Amino acid sequence: MRRRAWVFAGIAIAVAALFVRLGVWQLDRLAWRRTVNARVQARLDRPPVDAFALPRDTAQLRYRRATVTGRFDWAREIVLTSRTRNGSPGVWLVTPLRVAGRDTAVLVVRGWVYAPDGETVDRARWHEGDTTVAIDGFVLPLADTPSPATFPGRTPRAYRQLDAMNAARDVGTPVLPLLLVQRGDSAPDGGATPPRLVPPRLDEANHQSYAIQWFSFATMALVSAALFVRAERRRPREGS
């Protein structure tokens with residue numbers, strides 16, 4: 001058999017091994033995603049607890065359900081900038097909730113509103129009233145101190161990333177180190193209720209299909225090598 005057949009076969013085997021490794025990597029990603037999805041779903045399925053009863057380990061709080069009752073402090077509302085929804089620029093409205101008998105506020109993410117520049121919005125337009133409200137939502141962690149990702153916006157109380165230290169300064173009182181994302185229905189167009197945020201979509205992405213593709217490429221590489229070697233082995237006999 002000619003040398004070029006051995007070279008071609010060696011290259012094909014190496015390429016196939018690479019494709020197999022990529023396929024296994026995609027399966028590992030699939031297993032990791034399934035584990036994360038199961039953890040998130042389990043937290044969302046658990047009965048809600050009082051926000052002040054949650055542990056302070058924010059790494060274990062993401063997507064835990066919690067409730068709190070109080071009144072919104074509209075004068076101290078914060079916005080999180082550059083938040084897109086269905087491809088449109090906007091902000092998240094983060095409103096402190098004052099709880100009777102406590103000096104610590106809870107930061108409630110009431111929803112998303114459209115902002116052409118991703119920052120400027122008429123906050124008063126989205127005030128939902130001054131009555132006592134009961135909030136049911138899921139938790140997102142909040143850093144204790146500023147990080148390099150904390151970028152104050154051009155307008156007061158606007159941040160790309162928020163932390164408890166800056167939030168407490170703007171709110172004027174301590175805050176729980178978390179964001180409570182309010183759940184529930186949004187009002188029709190023209191209402192004061194912003195579109196509520198929803199938990200992440202718990203799908204498996206395309207990891208399985210990508211794995212199948214990589215394994216298919218590996219098979220094609222090996223089959224091509226086998227056919228080429230077979231053709232090379234026959235060539236001397238056919239030329240004799």
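Since every read-out is calculated from the coordinates, none of them should be taken as a lab result. Just so we're clear, the structure is a prediction, and the values are computed from it rather than from any experiment. Ideal geometry is used to build each Cβ from the backbone, glycine not excepted, and the neighbour counts take in all protein chains shown.
Here is how the numbers come out for the structure above:
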item	result
Residues 131, 120, sorted so that the one with the fewest Cβ neighbours within 10 Å comes first	131, 120
Förster radius 25 Å - calculated FRET efficiency between residue 203 and residue 46, Cβ distance, rounded to 0.05	0.75
Highest-MSF residue in the chain out of 118, 70, 129 [GNM, Cα springs under 10 Å]	129
Rounded FRET efficiency, nearest 0.05, which uses the C-beta distance separating residue 69 from residue 37 and R0 of 41 Å	0.85
Spherically averaged projected area in nm², based on the convex hull that wraps the Cα atoms of region 64-182	7.2 nm²
Dipole magnitude (debye, nearest 20) for region 64-182, charges at Cβ of Lys, Arg, Asp, Glu	120 debye
Expected 222 nm ellipticity per residue - DSSP helices of 4 or more, -39500 (n - 2.57), all of the chain, to 500	-12500 deg cm²/dmol
Kirkwood Rh (inverse of mean 1/r, distinct Cα pairs), the chain, angstrom	21.7 Å
Sequence of 52, 72 once ranked by neighbouring C-beta atoms within 10 Å, starting from the fewest	52, 72
In Hz, Karplus ³J(HN,Hα) per residue of region 78-90 (6.51, -1.76, 1.60; θ = phi - 60°; x = Gly, Pro)	10, 10, 9, 7, 6, 10, 8, 8, 6, x, 9, x, x
Built amide H within the under 5 Å cut-off of residue 179, gap 5+	140, 142
Extreme residue, positive dipole direction of region 64-182, given options 126, 86, 161 (C-beta unit charges)	86
